[in-house]
Amino acid sequence: MNLKHSKQRDSIKKFLSTRKDHPTADIVYLNVRKSFPNISLGTVYRNLTLLAEIGEITRLRIGDGVDHFDYDTSPHYHFVCSECGSVSDLRLPFAEDLTEAARNNFNGRIEGQITYFYGHCENCSRKAVDFQCSELPVC
């Protein structure tokens with residue numbers, strides 16, 4: 001796809017490249033606005049959608065009703081904290097054999113896989129332990 005160069009789009013990509021927390025469009029907008037005060041939220045959404053469609057970023061739909069965006073387009077897994085909603089990369093070998101097994105057992109066309117792991121992040125786990133200890137006479 002031959003796109004016209006856009007400083008705003010470059011700014012969005014640059015911002016995403018500095019983040020590992022998979023921000024929402026609103027967070028991208030608030031930060032890109034520092035460099036482009038007149039940019040609209042709609043422009044940010046359109047550019048994020050375009051970048052995801054052409055494969056320059058990844059759109060994550062983790063079930064919280066908002067899209068999150070990842071600059072890293074390599075195959076990898078994500079962890080979603082059920083408590084605070086944070087999204088982070090989970091570094092472990094990507095199971096291409098799982099995709100192949102799905103292809104072999106499905107009559108349609110499998111194009112890839114997205115897997116999310118859920119639980120409590122380190123911070124929320126620590127808070128839960130701290131809370132439990134505060135409720136006990138001796139911990």
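The values are calculated or read from the model by the stated rules, or taken from the named source; none is laboratory data. The shown structure was predicted, so the numbers you read here are calculated from the model rather than taken from an experiment. With ideal geometry, Cβ positions are generated from the backbone for all residues, glycine too; neighbour counts draw on all protein chains shown.
Wholly within region 1-108, which helices (runs of 4 or more DSSP H) include no fewer than the required count, namely at least 1 residues that are of a type outside the set (Asp, Glu) and in contact (Cβ under 8 Å) with a residue 24 or more places away in the chain?
Values: elements: 7-17, 25-32, 41-53, 96-104.
By residue number, 7-17, 25-32, 41-53.
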Of all the residues that make up region 1-32, how many are within 25 Å of His76 (Cα to Cα), hydroxyl-bearing (Ser, Thr, Tyr) and either more than 18 Å from the chain's Cα centre (by Cα) or surrounded by 13 or more Cβ atoms within 10 Å (Cβ to Cβ) (or both)?
2
If Thr99 passes every condition in (1) assigned by TED's automatic domain parsing to the domain that holds Gly119; (2) farther than 21 Å from Thr115 by Cβ; (3) of a type in the set (Ser, Thr, Tyr) but one, which one does it miss?
(2)
Exactly one condition in (1) modelled with pLDDT of 95 or more; (2) in contact with a Lys or Arg (Cβ under 8 Å, 6 or more places away or on another chain) is false for Asn38; which is it?
(2)
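Do we have Gly112 as modelled with pLDDT under 95 and under 27 Å from Asn2 (Cα atoms) here?
In short, yes.
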For region 58-89, which residues satisfy the criterion of being surrounded by 13 or more Cβ atoms within 10 Å (Cβ to Cβ), hydrophobic (A, V, I, L, M, F, W, C) and assigned by TED's automatic domain parsing to the domain that holds Gly119?
Phe79, Val80, Cys81, Val87
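Can you tell me which residue in region 33-57 is surrounded by the most Cβ atoms within 10 Å (Cβ to Cβ), limited to those that are of a type in the set (Gly, Ala, Ser) and closer than 27 Å to Leu90 by Cβ?
Our first condition is that a residue be of a type in the set (Gly, Ala, Ser); within region 33-57, this holds for 35, 40, 42, 52, 55.
Next, only the ones that are closer than 27 Å to Leu90 by Cβ stay: 52, 55.
Values: Ala52: 17, Gly55: 9.
Selected residue: Ala52.
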